[in-house]
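Here, each number is a calculation from the coordinates, and none is a lab measurement. Remember, predicted model here, so these are calculated numbers, not experimental data. Because the Cβ atoms are built from the backbone with ideal geometry, glycine has one as well, and the counts that use them run over all protein chains shown.
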């Protein structure tokens, strides 16, 4: 592993840690966290419709959970905050493990390289 890859993975570990701290501060049930932590992986079912649909359907991007977290905070909605922070944690752990955004060329192809190389 190149040093820059290690740094990027450590950054994502830090993001996961911060999201977990904020989750703890939100005072929401850890049972909810356990229930939702793998929910973004359900988007992989889109691959049954083909690699292009699967890549587009992926919920492993921060475009939705970041504004959701902000909305949860602004409107004092702990459920929205909990969902967003769980989602962010999931994405961060995936990135720390080397799983990137899926490309339309196939499930194994990500912006970080090919899975299983």
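Listing 88, 37 from the residue with the fewest other Cβ atoms within 10 Å to the one with the most, what is the order?
37, 88
Can you sort 95, 2, 9 from fewest to most other Cβ atoms within 10 Å of each residue's own Cβ?
2, 9, 95
Pick from 59, 85, 45: which is most flexible by mean-square fluctuation in a GNM of the chain where alpha carbon atoms under 10 Å apart are linked?
45
Computed over the Cα atoms of segment 3-114, what is the ratio Rg over Rh, Rh following Kirkwood?
Taking Rg over the Kirkwood Rh, I get 1.00.
How big is segment 63-102 by Rg and Dmax over its Cα atoms, in Å?
Expressed in Å, the Cα Rg and Dmax of segment 63-102 come to 11.3, 34.
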